[in-house]
Amino acid sequence: MAVFTCEKCGSQVDTRCKPKKCPQCGETGVMCKVEPPKEKKKK
């Protein structure tokens, strides 16, 4: 699962696949993936 955020209205969607259009504003091609900060493993 990944969190995608709309670049236009800021709406967030938690889904597996990248949405083609924003469910809030209906704009196409504006969804970008938000990566959570990765935890560093201690050796």
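The values are calculated or read from the model by the stated rules, or taken from the named source; none is laboratory data. This is a predicted model, so every value here is computed, not measured. Cβ sites come from the backbone with ideal geometry, for glycine too, and all protein chains shown count toward neighbours. For accessibility, only protein heavy atoms count, side chains too; no ligands or nucleic acids. Shrake-Rupley method; radii C 1.70, N 1.55, O 1.52, S 1.80 Å.
Annotations for the structure displayed:
- Annotation note: Cβ proximity below 7 Å between a residue of the stretch 1-27 that is without any contact (Cβ under 8 Å) to a residue 12 or more places away in the chain and a residue that is open to solvent by 40 Å² or more (accessible area, probe 1.4 Å) and not acidic (D, E) (sequence gap 6+ or interchain) occurs for K20/T28; K21/T28.
- When P36 is tested against (1) at pLDDT below 85; (2) open to solvent by 100 Å² or more (accessible area, probe 1.4 Å), just one condition goes unmet, and that condition is (2).
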